Amino acid sequence: MTRLALIRHGQSEWNLENRFTGWVDVDLTGRGRAEAAKAGALLKATGAEFSAAHTSVLKRAIRTLWIALDEMDLLWLPVTNSWRLNERHYGGLTGLNKQETAERHGAEQVKIWRRSYDTPPPPLDPASPYNPAKDRRYAGLSSGELPLTESLKSTLARVEPYWRDTLAPRLSAGESLIVAAHGNSLRALVKLLLDVSGNDIVGVEIPTGNPLLFDFEPRSLRPKAVRYLDEDRAEKLPPVPAG
């Protein structure tokens, strides 16, 4: 059986502070590190033989992966980092407290910015210290690749090439992979894998530190089964497509 494990990073410092994080490089809390360790233990218990791991260029996902791999005694696995697996960019909301933003702009407007499939928040001011163009890890990207805001739809547009060109060929070749990333980049992968509509994917929740495991028939990219490994913290999943 070929497997793909998706892990949303553990609780981050700005998760705890209820702030919009996006591409800002905040670290894990103590709880987040514990969640990452539990994710590794759950993956180890499956007995799956993973060949490689992939993550974003943001430390909360990277550290989650390191902790999980350490728990699995797999720190030697090759790891690939890609900005395409970064969290959705929250534009002008970046750094703001979510409750205060709702009080200022109205809960319904903030809900649209957060949860609609194709409506992004207002763009980030290019002069903001959070502008990724000022970060050397993105120096090789074109201006068109560097977002100042993103919807889930535009997040999917940058994740899809990574799926198509990097992850899918390795899974098709029979390799089992781990991807440690973020709520929205993983939501984009779930949309691709389970063929979820734009209206439905916005309601899919992915809990922190709870591995989502896909089983594939050998050399097939059609999921046979999908499940959360921590049943006590599982969220409702879309059905596996028939056929």
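Readers should treat all values here as calculations from the given coordinates under stated rules, not as data from a laboratory. A quick note: this is a predicted structure, and the numbers were derived from the prediction, not measured. Reconstructed Cβ throughout: ideal geometry from the backbone, glycine too, with neighbour counts over all protein chains shown.
Annotations for the structure displayed:
- Peptides 52-59, 104-111 ordered by average Cβ neighbours within 10 Å, highest first: 52-59, 104-111
- In a fully extended conformation the segment linking Ala157 and Ala102 would gain 17.0 nm over its present Cα-Cα distance, using 0.36 nm per residue.
- Neighbour-limited loop hits for GluC sites (Glu not before Pro), the stretch 1-68 (at most 14 other Cβ within 10 Å; DSSP other than H, G, I, E, B): Glu17, Glu49
- Helical content alone sets the calculated 222 nm signal of the chain at -9500 deg cm²/dmol, taking -39,500 (n - 2.57) per DSSP H segment of four or more residues and averaging over every residue.
- Most tightly packed first, judged by the mean number of other beta-carbon atoms within 10 Å of their residues, the peptides 176-189, 147-160 read 176-189, 147-160.
- Counting DSSP beta bridges with both ends in the chain, the antiparallel % (nearest 5): 50 percent
- Where labels lie 7 Å past Cα in the beta-carbon direction, separation of Glu217 and Glu145 in nm: 3.6 nm
- Near Ala180: Cβ cut-off under 10 Å, other residues only, Lys/Arg at +1 and Asp/Glu at -1. The net charge is +3.
- Distance from the stretch 73-147 to the stretch 217-234 (C-alpha centre basis), Å: 28 Å
- The distance between label points at Asn18 and Ala127 comes to 3.1 nm (points 7 Å beyond Cα on the Cα→Cβ vector).
- Highest mean packing comes first when the peptides 207-213, 68-74, 115-121 are listed by Cβ atoms within 10 Å, giving 207-213, 68-74, 115-121.
- In a simple Cβ point-charge model (Lys, Arg +1; Asp, Glu -1; nothing else charged), the chain has a dipole of about 200 debye relative to its Cα centre.
- When each full DSSP H helix of the chain is screened for a Cα extent of at least 15 Å along its own axis and an average Kyte-Doolittle hydropathy of at least 0.0, the helices passing are 183-194.
- Between Arg115 and Thr166, the contour length at 0.36 nm per residue exceeds the alpha carbon distance by 15.6 nm.
- Remark: spin-label model distance Lys236-Asn199 equals 1.5 nm, labels positioned 7 Å along the Cα→Cβ axis.
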